[in-house]
Amino acid sequence: MTKPHLKTLALAIGISMPMLGYSAVFEPSDGRLFTVGQDVDSINQMHNDTSINAGGVTGYVGIASLDGLRGNADAGAGRNNLDELASLYPDRAMVVGISMNGQVSAVANGTYNDNITNLLETLASYDRPVYLRWAYEVDGPWNGHNQADLIRSWQYVHGRIQEMGIANKIAMVWQVASYCPNPRGQLESWYPGNQYVDWIGLSYFAPQDCNWDAVNEAANFAKAKGKPLFINEASPQRYQIADLNYSSDPAQGTNRQSKTAQQIWQEWFTPFFNFIEQYDVKAITYINADWDNQTRWGDFGDGYGEGYWGDSRVQANNEIEQNFTQQINDGSWLLQSNELFEKLAYGETPTEPEEPVDPEEPIDPEQPIDPEEPIEPSGDQGISYVDDDSLVVYHKDMGWSASWNYLCLDAYCIPGTLVDGFYQVQFDNVNLGQSYNIQFKVQDNANGQFISQETTVIFKKGSQTPDLPEEPAEPEEPTEPEVPVEPEEPNEPGTLPNFGIVGLTDNSFKVVRLNEGWTAGFVYMCVNSDCRVPSLVDGYYQYQWNGSIGSQYNISFKVQDNSVGQVIEEATATFN
């Protein structure tokens with residue numbers, strides 16, 4: 001199957017997303033760029049201890065004082081020094097993250113314009129491809145950005161690069177946090193505009209916490225904008241490669257489970273490289289660091305103040321090092337070489353399309369769907385034939401609040417559009433007669449989320465539903481399909497317990513915790529040590545579990561806060 005290309009669906013008129021016909025600055029025409037981070041000493045150790053010669057190195061600078069640019073800066077996360085990296089690795093690309101230091105409004109208002117000019121002059125002087133991650137993880141709540149000032153500062157920096165004549169030396173990478181607690185559907189509000197962005201980036205740490213929804217959303221956003229995708233920060237969070245264990249507790253790393261090297265590889269690395277293939281990722285930065293031994297991330301007698309990260313050094317285990325080295329040295333990755341800069345088209349003038357297309361003004365396809373013949377889904381979940389190369393995946397609306405929803409074709413998940421009572425997405429470049437797996441995921445205020453049964457369909461002419469009983473019993477579905485169930489206990493402060501269990505059906509409940517205004521750099525709920533990232537709905541953090549009435553459960557809530565460090569609560573509750 002050719003990877004499906006999304007057409008955002010408006011069934012009556014057949015709208016398609018524009019795809020820009022030019023390469024971004026330093027986008028490899030063949031292969032993928034491998035870079036390593038995220039501090040000088042960890043970068044050096046990887047190059048000293050393995051046979052990998054990365055094609056790029058990563059550093060960080062604070063815009064307020066330019067710490068980490070020309071001298072050592074260490075905020076407890078390892079030593080940063082861009083000048084040193086440039087000297088040690090003269091034939092590598094550089095990936096540079098710029099922190100707003102909590103001053104994004106001051107930056108947008110021009111307070112640090114001289115620093116911006118100084119920064120850009122320095123980066124251009126390195127005479128190599130530089131990928132500039134301005135205000136990296138733009139939507140990360142820990143950064144304290146606001147959308148308007150973030151966008152203004154971004155557009156200013158882009159303009160300065162053009163004015164200074166260094167657009168052939170610096171590419172701008174707009175990186176999102178891909179943070180599970182962030183609501184889906186918000187990326188557009190942080191986006192400065194296609195004309196200001198060369199690459200779209202994301203962070204990839206523990207995507208399984210939200211079933212890969214956050215990273216999938218970012219990757220699909222990049223596709224819709226026609227931008228190459230860069231995984232700017234990747235690390236197997238909560239795994240200890242040296243000690244071969246894993247913790248499901250993201251706050252304090254308790255209850256660590258022993259793992260074999262093969263299990264760690266299969267659980268984190270295999271899905272990671274599959275994601276790269278699935279979305280044709282053009283560049284990555286792997287953070288190869290012993291997080292636990294860095295003062296910002298480790299526990300030195302006062303707990304894990306910013307969550308538990310682990311040890312991601314691939315060389316800490318022979319089997320994982322061998323697997324990783326074989327993967328990166330397989331010939332498909334751009335590494336250190338005399339031809340690297342040429343392969344990245346360094347120094348060439350970036351080419352823009354003759355008539356840039358506004359991404360918010362869709363192009364009508366050559367053969368639009370006839371509005372007189374709308375596709376009519378039948379059944380609760382299935383596919384509809386559009387033409388021999390296109391199909392629609394749909395699911396009937398059951399009255400969910402749906403702050404986000406996704407329809408998936410072979411695990412390729414796209415936000416759906418609600419049309420005539422059905423959530424729908426059109427996928428192109430599919431093949432008649434081929435089998436596909438489909439699934440639907442949606443948020444709901446009453447029940448946390450609903451994930452449909454993954455089912456297999458065969459793409460053929462006509463509308464079809466999966467091979468299920470006429471009246472399928474879906475144990476995971478919290479409501480009867482014909483009549484949406486209104487929440488018996490609306491999520492309004494005062495109607496739910498501050499912290500406890502709320503029954504939903506005979507076999508499902510949700511854990512709730514009243515929000516007290518924490519900054520929430522991370523937040524988790526746990527039932528019997530099974531920790532998940534909850535949603536914040538109407539003033540309550542909440543997550544749904546399956547369970548048995550009358551059973552007793554150990555529940556816990558963990559949240560980060562800038563003023564008090566973190567809050568951890570534990571209780572025993574009965575599902576009544």
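Is it fair to say Gly140 is over 20 Å from Val25 (Cβ atoms), among the small types (Gly, Ala, Ser), in contact (Cβ under 8 Å) with a residue 12 or more places away in the chain and out of contact with any helix residue (DSSP H, G or I) (no Cβ under 9 Å at 6 or more places or on another chain)? It would help to see each step written out before you state the result.
On the way: over 20 Å from Val25 (Cβ atoms): yes; among the small types (Gly, Ala, Ser): yes; in contact (Cβ under 8 Å) with a residue 12 or more places away in the chain: yes; out of contact with any helix residue (DSSP H, G or I) (no Cβ under 9 Å at 6 or more places or on another chain): yes.
Yes, satisfied.
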Checklist outcome for this item: Those residues of segment 71-107 which are farther than 24 Å from Gly56 by Cβ and open to solvent by 20 Å² or more (accessible area, probe 1.4 Å) amount to Asn101, Gly102, Gln103, Ser105, Ala106
Next on the checklist: Which pairs turn up if I take residues in segment 500-527 that are over 17 Å from Gln544 (Cβ atoms) and of a type in the set (Phe, Trp, Tyr) and look for partners that are surrounded by 17 or more Cβ atoms within 10 Å (Cβ to Cβ) and modelled with pLDDT of 85 or more with beta carbon separation below 6 Å, at least 6 apart in sequence or on another chain?
Outcome noted: Phe522/Gly307
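Keeping to segment 24-37, report how many residues are under 27 Å from Gly76 (Cβ atoms) and surrounded by fewer than 24 Cβ atoms within 10 Å (Cβ to Cβ).
Residues in segment 24-37 being under 27 Å from Gly76 (Cβ atoms) and surrounded by fewer than 24 Cβ atoms within 10 Å (Cβ to Cβ): 1 in total.
Yes/no per residue for (1) open to solvent by 30 Å² or more (accessible area, probe 1.4 Å); (2) of a type in the set (Val, Ile, Thr):
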{"residue": "Arg238", "(1), (2)": "no, no"}
{"residue": "Asn245", "(1), (2)": "no, no"}
{"residue": "Ala251", "(1), (2)": "no, no"}
{"residue": "Thr254", "(1), (2)": "yes, yes"}
{"residue": "Trp268", "(1), (2)": "no, no"}
{"residue": "Asn274", "(1), (2)": "yes, no"}
{"residue": "Glu277", "(1), (2)": "yes, no"}
{"residue": "Thr295", "(1), (2)": "yes, yes"}
Checklist outcome for this item: Among helices (runs of 4 or more DSSP H) entirely within segment 78-146, at least 1 residues that are over 16 Å from Gln162 (Cα atoms) and within 28 Å of the chain's Cα centre (by Cα) occur in 82-88, 104-108
Checklist outcome for this item: Taking segment 202-245 and the residues there that are at pLDDT below 95 and of a type in the set (S, T, N, Q), the one that is farthest from Leu407 (Cα to Cα) would be Gln208
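Do we have any residue at all in segment 335-356 that's under 26 Å from the mean Cα position of the chain (by Cα) and closer than 24 Å to Tyr60 by Cα?
Applying the first criterion (under 26 Å from the mean Cα position of the chain (by Cα)) to segment 335-356 yields 335, 344.
Next cut, closer than 24 Å to Tyr60 by Cα only: 335, 344.
Among the residues of segment 335-356, at least one is under 26 Å from the mean Cα position of the chain (by Cα) and closer than 24 Å to Tyr60 by Cα, which makes the answer yes.
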Checklist entry - Within segment 480-576, which strands (runs of 3 or more DSSP E) (wholly inside it) include 3 or more residues that are at pLDDT 85 or above and either open to solvent by less than 40 Å² (accessible area, probe 1.4 Å) or touching a strand residue (DSSP E or B) at 6+ places or on another chain (Cβ under 6 Å) (or both)? => result 499-505, 508-514, 540-546, 552-561, 565-574
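The values are calculated or read from the model by the stated rules, or taken from the named source; none is laboratory data. Note that the coordinates shown come from a computational prediction; the quantities given were computed from them, not determined experimentally. FYI the Cβ positions are ideal-geometry reconstructions off the backbone, even for glycines, and counts take in every protein chain you see. Protein only, heavy atoms only, side chains kept; ligands, DNA and RNA dropped before computing areas. Shrake-Rupley method; radii C 1.70, N 1.55, O 1.52, S 1.80 Å.
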